[in-house]
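**Student:** Let me begin by handing over the structure; questions about it come next.
The values are calculated or read from the model by the stated rules, or taken from the named source; none is laboratory data. The structure presented is a predicted model; accordingly, all values stated were derived computationally and were not measured. Note that we place each Cβ from the backbone using ideal geometry, even for glycine, and neighbour counts take in every protein chain shown. Quick note on the areas: whole protein, heavy atoms, side chains included, nothing else; ligands and nucleic acids left out. Shrake-Rupley method; radii C 1.70, N 1.55, O 1.52, S 1.80 Å.
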Amino acid sequence: GNLIAYAGTRILKIDKDTGAVLYEGTMAGTSSFAINNSTYAEGMILVGLSNGRIQAFNADTLESLWLYTDPLGGQPNCPITVSDGYAYTGFWNSEIKNASFVCISLTDEDPGEAKEAKAPTWRYVQKGGFYWAGAYACDDFVIVGTDDGDAQCSYLYLLDPLTGKVLDFKSGFDSDIRSTICYDSVTKAYYFTSKGGTFYRAKVEAQNGSYAITACDGLKLDNGSDDPALPPMSTSTPVVYNSRAYIGVSGTGQFTQYSGHNITVIDLENWEIAYKVPTQGYPQTSGLLTTAYEQENGYVYVYFFDNYTPGTLRVLRDKPGQTAVDYRTKESFSGQSYYTPYAVFTPYDKQ
């Protein structure tokens with residue numbers, strides 16, 4: 001029932017009902033350009049920090065437990081994925097520099113040392129690095145995407161979770177992969193997006209005592225332009241439910257309002273765009289889906305934010321077979337009307 005927040009180099013546990021600070025800890029640095037929440041696992045809070053660091057805190061007291069510092073440094077832009085006692089995450093330096101993807105054991109080997117120098121279980125170094133590229137991890141493999149670097153070639157890697165050995169990979173994607181890899185147990189496929197404007201699907205299967213990426217195909221997204229220089233890029237991790245995927249797509253101008261930004265609904269069974277709905281700003285983050293009303297009316301509700309001042313919170317109401325938005329708000333700009341997903345809240349004045 002509590003919240004974890006950062007303020008400079010302070011990490012705080014806050015009572016969600018009263019706002020009172022219950023515990024406070026000290027981080028080894030700021031959270032840099034991470035724009036990621038902390039990760040909870042096995043009684044620990046894991047936080048990405050500037051200069052390629054991950055710090056672990058006791059989840060109850062916020063006392064520091066250990067600190068990992070990557071030799072290549074970098075921005076801690078990627079979410080931290082935890083599986084079976086290990087944390088997986090990547091760092092980013094620039095399009096032309098190397099950066100690490102690491103596996104770190106959660107074990108606190110020296111409980112008496114608050115900032116013990118944590119050694120990685122393994123590291124995988126990639127030119128161009130990892131930016132908003134969250135991994136999917138399980139007992140058999142870790143699957144993660146990369147930036148395309150100066151060679152303009154991004155990769156989808158399948159790595160051994162305990163050694164970091166490359167089990168398989170695919171390349172030739174149209175730009176940076178800056179979304180988390182999402183697995184859907186119904187379609188038994190992995191989904192992700194690219195800045196080049198494609199929604200991708202991959203399959204992974206056991207093969208010759210190991211694992212391989214056995215299929216990978218893409219569905220081109222749409223922002224109203226056929227100009228390759230203005231792609232319908234997406235850094236939105238797909239939300240998948242009922243064989244439907246929900247993602248945010250950029251317009252022709254990333255920070256230009258009503259320039260083709262939209263929320264896209266994808267019919268996974270037919271492998272096609274079911275429909276798309278315009279928004280004022282780019283819904284650059286991932287959606288949050290609730291099934292709370294599904295038994296009542298058959299609909300799920302998916303919430304997105306516009307990455308455009310002031311930052312409207314929108315909700316898309318959808319169900320299988322739907323081909324158009326039916327819960328909407330009329331908005332106007334430069335003499336033109338737009339029917340957007342329903343605007344739940346738009347901050348104003350001092351908000």
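**Student:** Hey, among the residues in the stretch 63-99 that are under 15 Å from VAL144 (Cα atoms) and open to solvent by 10 Å² or more (accessible area, probe 1.4 Å), which one's nearest to the chain's Cα centre (by Cα)?
**Tutor:** PRO79
**Student:** Also: Considering only residues that are in a strand (DSSP E or B) and over 17 Å from MET233 (Cβ atoms), which ones fall in the stretch 173-185?
**Tutor:** Those that are in a strand (DSSP E or B) and over 17 Å from MET233 (Cβ atoms): CYS182, TYR183, ASP184.
**Student:** Another one. Go over the candidates VAL265, VAL249, VAL300, VAL325 one by one and state the one that is in contact with a helix residue (DSSP H, G or I) (Cβ under 9 Å, 6 or more places away or on another chain) and buried (at least 18 other Cβ atoms within 10 Å of the Cβ).
**Tutor:** Answer to the check: VAL300.
**Student:** Considering only residues of the stretch 1-31 that are more than 23 Å from the chain's Cα centre (by Cα) and hydroxyl-bearing (Ser, Thr, Tyr), which is surrounded by the most Cβ atoms within 10 Å (Cβ to Cβ)?
**Tutor:** Among residues in the stretch 1-31 that are more than 23 Å from the chain's Cα centre (by Cα) and hydroxyl-bearing (Ser, Thr, Tyr), the one surrounded by the most Cβ atoms within 10 Å (Cβ to Cβ) is TYR23.
**Student:** Scan the strands (runs of 3 or more DSSP E) fully inside the stretch 278-327 and keep the ones with 2 or more residues being in contact with a Pro (Cβ under 8 Å, 6 or more places away or on another chain) and on the phi < 0 side of the Ramachandran plot.
**Tutor:** 300-305, 313-318
**Student:** Now a separate question. Cβ-Cβ under 7 Å, sequence separation 6+ or interchain: first residue in the stretch 336-348 and in contact (Cβ under 8 Å) with a residue 12 or more places away in the chain, partner open to solvent by 40 Å² or more (accessible area, probe 1.4 Å) and outside any strand (DSSP E or B). Which pairs?
**Tutor:** Close Cβ pairs (under 7 Å, with a partner that is open to solvent by 40 Å² or more (accessible area, probe 1.4 Å) and outside any strand (DSSP E or B)) amount to TYR342/TYR327; THR346/PRO310; PRO347/PRO310; TYR348/PRO310.
**Student:** Quick one: how many residues across the stretch 149-160 are open to solvent by 10 Å² or more (accessible area, probe 1.4 Å) and either small (Gly, Ala, Ser) or in a loop (DSSP other than H, G, I, E, B) (or both)?
**Tutor:** Counting residues in the stretch 149-160 that are open to solvent by 10 Å² or more (accessible area, probe 1.4 Å) and either small (Gly, Ala, Ser) or in a loop (DSSP other than H, G, I, E, B) (or both) gives 5.
**Student:** Now, a different point. Tally the residues that are part of a loop (DSSP other than H, G, I, E, B) and either buried (at least 24 other Cβ atoms within 10 Å of the Cβ) or β-branched (Val, Ile, Thr) (or both), restricting the search to the stretch 223-246.
**Tutor:** Within the stretch 223-246, residues that are part of a loop (DSSP other than H, G, I, E, B) and either buried (at least 24 other Cβ atoms within 10 Å of the Cβ) or β-branched (Val, Ile, Thr) (or both) number 8.
**Student:** Still on this structure, I have one more. Only one residue in LYS188, LYS195, LYS220 is open to solvent by 30 Å² or more (accessible area, probe 1.4 Å) and in contact (Cβ under 8 Å) with a residue 40 or more places away in the chain, so which one is that?
**Tutor:** Going through LYS188, LYS195, LYS220 in turn, just one is open to solvent by 30 Å² or more (accessible area, probe 1.4 Å) and in contact (Cβ under 8 Å) with a residue 40 or more places away in the chain: LYS195.
**Student:** Condition first: modelled with pLDDT of 95 or more, more than 18 Å from CYS216 (Cβ to Cβ) and under 17 Å from the mean Cα position of the chain (by Cα). Can you find one or more residues in the stretch 107-129 that meet it?
**Tutor:** yes
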